[in-house]
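Some notes on the structure that comes next.
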Amino acid sequence: MIMPNKKIDPPSDDKRWKVVETTIRRNGSSAGALIETLHSVQEWFGYLDDQALTYVAHRLMLPLSKVYGVATFYHFFTLKPGGKHTCVVCNGTACYIKGAKKLIDDIADQYGAKLGETTKDGELSVLGARCLGSCGLAPAVVIDGDVKGNISSEDLIATLQGVINHDA
């Protein structure tokens, strides 16, 4: 059992942990700070790894199973590092009817990454959303924060190639 007054050091000397610590203290260092703390870790580190989850559990005096349960329950949190670029495909009813599955299948064929995966080279993460709220633009995707609507598979692949090759 973790003692409430025991000093718990961050997993590393990385200065981003100071921001996470500020979030914990601002929210009362209690179980009620869990979601806000996980948001802070993910915002600063990009994802929640085992080391971060363990630290948060110890720091908030919570069972690791509870912290892991919250991190895996909410769609916002990710336990793996994301790609350099992201493509979020809307899977809402309108988008699905108008070809979202084909978009996802074609991305998998072209890049070898299925929904929820990142390409082996770390260039692209393929994510899904229940609804983007852009039903009039179906099928819709969000590429690096930019919404693209009424998009065909061919246009999507060309756009992704342009985004990825732009970095090269």
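The values are calculated or read from the model by the stated rules, or taken from the named source; none is laboratory data. Quick caveat: nothing in here was measured; it's all calculated off a predicted structure. Heads up, the Cβs are rebuilt from the backbone with ideal geometry, glycines too, and the neighbour counts pull from every protein chain shown.
When you look at R16, is it charged (D, E, K, R), touching a residue at least 12 places away in the same chain (Cβ under 8 Å) and buried (at least 19 other Cβ atoms within 10 Å of the Cβ), yes or no? No.
Against the condition modelled with pLDDT of 95 or more, touching a Gly at 6+ places or on another chain (Cβ under 7 Å) and either aliphatic (A, V, I, L, M) or within 23 Å of G122 (Cβ to Cβ) (or both), how does V89 come out, does it pass? Here the answer is yes, as V89 does meet what is asked.
Restricting L103, L38, L62, L79 to residues that are among the aliphatic types (A, V, I, L, M) and touching a strand residue (DSSP E or B) at 6+ places or on another chain (Cβ under 7 Å) narrows the list to L103.
Listed here are the residues, each with its yes/no results for (1) hydrophobic (A, V, I, L, M, F, W, C); (2) modelled with pLDDT of 95 or more; (3) surrounded by fewer than 17 Cβ atoms within 10 Å (Cβ to Cβ).
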residue: S29; (1), (2), (3): no, no, yes
residue: W44; (1), (2), (3): yes, no, yes
residue: V67; (1), (2), (3): yes, yes, no
residue: Y74; (1), (2), (3): no, no, yes
residue: G82; (1), (2), (3): no, no, yes
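Residues considered: L127, L60. Of these, the only one that is outside the structural domain of T22 (by TED's automatic domain parsing) and surrounded by 13 or more Cβ atoms within 10 Å (Cβ to Cβ) is L127. Of I35, I97, I104, all but one fail to be at pLDDT 95 or above and under 15 Å from the mean Cα position of the chain (by Cα); the exception is I35. The residue pairs whose first member lies in the range 77-106 and is assigned by TED's automatic domain parsing to the domain that holds R130 and of a type in the set (S, T, Y), whose second member is part of a loop (DSSP other than H, G, I, E, B) and surrounded by 19 or more Cβ atoms within 10 Å (Cβ to Cβ), and whose beta carbons are closer than 9 Å, counting only pairs six or more residues apart or on different chains, are T93/A138; Y96/A138; Y96/P139. Each residue in the range 119-138 was checked for being part of a loop (DSSP other than H, G, I, E, B) and of a type in the set (A, V, I, L, M, F, W, C), and 3 of them qualify.
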